[in-house]
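The values are calculated or read from the model by the stated rules, or taken from the named source; none is laboratory data. This structure is a prediction, so every number in the text was calculated from the model and none was measured. Cβ coordinates were reconstructed from backbone atoms using ideal geometry, including for glycine residues, and neighbour counts include every protein chain displayed. Ligands, DNA and RNA are excluded from the accessible area calculation, which covers all protein heavy atoms including side chains. Shrake-Rupley method; radii C 1.70, N 1.55, O 1.52, S 1.80 Å.
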Amino acid sequence: MTVVVRPKALGDYETREFRMLIDGRWVDGAEGRTIERVAPGHGVVVSRYQAAAKADAERAIAAARRAFDEGPWPRMPASERSLILLRAADMIAARADELAFLDAVESGKPISQAKGELAGAADIWRYAAALARELSGESYNTLGEGTLGVVLREPIGVVSIITPWNFPFLIVSQKLPFALAAGCTTVVKPSELTSASTLVLGEILEAAGVPQGVVNIIVGTGPEAGAPLTTHPHVDMVSFTGSTGIGRLTMANAAQTLKKVSLELGGKNPQIVFPDANLDEFIDAAVFGAYFNAGECCNAGSRLILHRDTAEEVTARIASLSAKVKVGDPLDPETQVGAIITPQHLQKIAGYVSSASNEGARIAHGGTTLDLGMGQFMAPTILSAVRPEMAVAREEVFGPVLSVLTFEKTEEAIRIANSIDYGLSAGVWSRDFDTCLTIGRRVRAGTVWMNTFMDGASELPFGGFRQSGLGRELGRHAVEDYTETKTLNMHIGRRSNWWMPR
């Protein structure tokens, strides 16, 4: 049984109209087309955007190029950039309720979760502001009396930032403030499904004092608006978060002009649970890890690898807790699992469940779509008796679906965890520290949680191995990712002749 919070009508809410930000001006698209966003939890149009075409993307790139080559932003003292980013962080916090509402209605995520993400985002902007003043190079006074070497760090240039629909404000905040802290200029393209909060961020950055052309924001589809951001010769770097398939295309496009690429992609993240684990804490974390953001999360703990001695008991307890999870209206503070992003994605999730069932997996809980009168919803679902070769155990479902696999020996658990193409994150549960450390060292993942799951902090790097991406976001080196190094090799005194005859 699923606890349902039925969606309520949005009442007299008026559809918000948004324009694009290019070169410090709010403008219409070159072709006059618009994109409407229907709220996935309420079934009504909540936002309308100007749709960018290739010409709009090129205008935004040109503005960012001028701002970098001729404007003040890359040349101002880091302390001044830091103060602007701190003002932006304060304004984000002041408008957090508005931003959270926009993310909730456009993405379908619960409003309480959206507010938590906004608090985290403001903290990231403050952290990036601090790192702006820490960016430094190196000097080498050890090269002999005739040489002094200095290594500079310079902003890489124009950065294209392309963000997904599942964490609209949080993910742009994992990229943009660090690029700005380094002195870069940017063109930002949020998903056309969830662009509102990023456009409001443009208003905030203008008010905070970011010069014109430094941040440009366009809205449109990948083929029309996104592709030029990955191929244009005046773009120096692409930072992309999204599916692994589009990540590969982004990398291939960027290779045409040898751009630097940062990719945060998919995940199929295991939690390995040993019999001596604190099962009360694990079961809560398992439910949270599987259903947070309706499972539409690259970091979701969608694979449980349970020891055979406790698998049946643990699965039953997870099912019991799953039955208490409240699914429904994203704007109800009590909701824990909101709406699925589109009807097409809901059918994709349901298709994975159906295929797994046909292949021999058992539905231990849920397994159905939910008709709540408006929007689209999926019941929290647990699949047991899943085998490692099944698609549901190897591919990113991106929905509230938990696959349960089993193991007997530690080596078997590690082999199952590493048997797929992804390597974003993992978890291990055991009271024995040696066991946790063994798993932590041998599982191929960018983050391994020990006796917890999906904790995070601005100070800790985030990213994956293999087809989960390239590079890292957050952490103390995050600003450096948006820089190039330059060597100054300085000769001191008289240079000895080598070529000219003596």
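Are any of the residues in the range 353-364 open to solvent by 30 Å² or more (accessible area, probe 1.4 Å) and of a type in the set (Asp, Glu)? Full working, then the answer.
Start the filter on the range 353-364 by keeping residues that are open to solvent by 30 Å² or more (accessible area, probe 1.4 Å), which leaves 354-355, 357-360, 362-364.
Right, trim to of a type in the set (Asp, Glu) and you get 359.
Looking through the range 353-364, at least one residue is open to solvent by 30 Å² or more (accessible area, probe 1.4 Å) and of a type in the set (Asp, Glu).
Here is a yes/no grid of residues against (1) farther than 25 Å from ARG444 by Cα; (2) small (Gly, Ala, Ser); (3) free of Cβ contacts under 8 Å to residues at least 60 places away in the same chain:
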| residue | (1), (2), (3) |
| --- | --- |
| GLU281 | no, no, no |
| ALA285 | no, yes, no |
| CYS297 | no, no, no |
| GLU313 | yes, no, yes |
| PRO343 | yes, no, yes |
| ARG362 | yes, no, yes |
| ASP371 | yes, no, yes |
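Could you list all residues from the range 122-146 that are of a type in the set (A, V, I, L, M) and open to solvent by less than 60 Å² (accessible area, probe 1.4 Å)?
First, the residues of the range 122-146 that are of a type in the set (A, V, I, L, M): 122, 124, 128-132, 135, 143.
Once the filter is applied, which keeps residues that are of a type in the set (A, V, I, L, M) and open to solvent by less than 60 Å² (accessible area, probe 1.4 Å), the range 122-146 yields ALA122, ILE124, ALA128, ALA129, ALA130, LEU131, ALA132, LEU135.
Taking the conditions exactly as written (open to solvent by 10 Å² or more (accessible area, probe 1.4 Å) and of a type in the set (Gly, Ala, Ser)), does ALA290 satisfy them or not?
Working: open to solvent by 10 Å² or more (accessible area, probe 1.4 Å): no; of a type in the set (Gly, Ala, Ser): yes.
Spelling it out, it is not the case that ALA290 is open to solvent by 10 Å² or more (accessible area, probe 1.4 Å) and of a type in the set (Gly, Ala, Ser).
So which residues in the range 212-249 are out of contact with any strand residue (DSSP E or B) (no Cβ under 8 Å at 6 or more places or on another chain) and under 22 Å from LEU474 (Cβ atoms), if there are any at all?
Scanning the range 212-249 gives a single hit, SER243.
Look at the range 185-235 and say how many of its residues are of a type in the set (Gly, Ala, Ser), part of a helix (DSSP H, G or I) and open to solvent by 10 Å² or more (accessible area, probe 1.4 Å). Quick ask: steps written out before the conclusion?
Looking only at the range 185-235, we keep the residues that are of a type in the set (Gly, Ala, Ser), and these are 191, 195-197, 202, 207-209, 213, 220, 222, 225-227.
Imposing the further condition that a residue be part of a helix (DSSP H, G or I) reduces the set to 196-197, 202, 207-208, 222, 225-227.
Then keep just the ones that are open to solvent by 10 Å² or more (accessible area, probe 1.4 Å); that gives 207, 222, 227.
Of the residues in that region, 3 qualify.
Wholly within the range 1-99, which strands (runs of 3 or more DSSP E) include no fewer than the required count, namely at least 2 residues that are within 29 Å of ALA119 (Cβ to Cβ), in contact (Cβ under 8 Å) with a residue 24 or more places away in the chain and among the hydrophobic types (A, V, I, L, M, F, W, C)? Reasoning before the result, please.
Details: elements: 3-5, 16-18, 20-22, 25-27, 34-38, 45-50.
Here the list reads 3-5, 20-22, 45-50.
Among the residues of the range 106-121 satisfying the criterion of being assigned to a helix (DSSP H, G or I) and either among the basic types (Lys, Arg) or within 20 Å of PRO461 (Cβ to Cβ) (or both), which is most open to solvent (accessible area, probe 1.4 Å)?
Step one: filter the range 106-121 for residues assigned to a helix (DSSP H, G or I), giving 106-107, 111-121.
Cutting the leftovers down to either among the basic types (Lys, Arg) or within 20 Å of PRO461 (Cβ to Cβ) (or both) gives us 115, 117, 120-121.
Values: LYS115: 100, GLU117: 15, GLY120: 29, ALA121: 0 Å².
Per the stated criteria, the residue is LYS115.
Would you pick out the residues in the range 411-449 that are open to solvent by less than 50 Å² (accessible area, probe 1.4 Å), over 18 Å from the mean Cα position of the chain (by Cα) and of a type in the set (Ser, Thr, Tyr)?
SER419, SER430, THR435
Which residues, counting only those in the range 101-140, are under 13 Å from PHE167 (Cβ atoms) and without any contact (Cβ under 8 Å) to a residue 12 or more places away in the chain?
Listed by number, the list holds a single entry, GLY116.
Would you check which residues across the range 321-337 are under 23 Å from PHE282 (Cα atoms) and part of a loop (DSSP other than H, G, I, E, B) and list them? It would help to see each step written out before you state the result.
Going residue by residue through the range 321-337, those that are under 23 Å from PHE282 (Cα atoms) are 321-327, 334-337.
Selection gives ALA323, LYS324, VAL325, GLU334, THR335, GLN336.
Hey, could you check the range 257-274 for residues that are under 23 Å from ARG441 (Cβ atoms) and among the β-branched types (Val, Ile, Thr) and say which is nearest to the chain's Cα centre (by Cα)?
ILE272
Test each condition in (1) surrounded by fewer than 21 Cβ atoms within 10 Å (Cβ to Cβ); (2) assigned to a strand (DSSP E or B) for LEU306 and report the one that comes out false.
(1)
Checking ALA252 against (1) hydrophobic (A, V, I, L, M, F, W, C); (2) under 30 Å from ALA94 (Cα atoms); (3) without any contact (Cβ under 8 Å) to a residue 60 or more places away in the chain; (4) out of contact with any strand residue (DSSP E or B) (no Cβ under 9 Å at 6 or more places or on another chain), which test does it fail?
(2)
What are the residues in the range 245-262 that are open to solvent by less than 10 Å² (accessible area, probe 1.4 Å) and over 16 Å from THR221 (Cα atoms), if any?
ALA254
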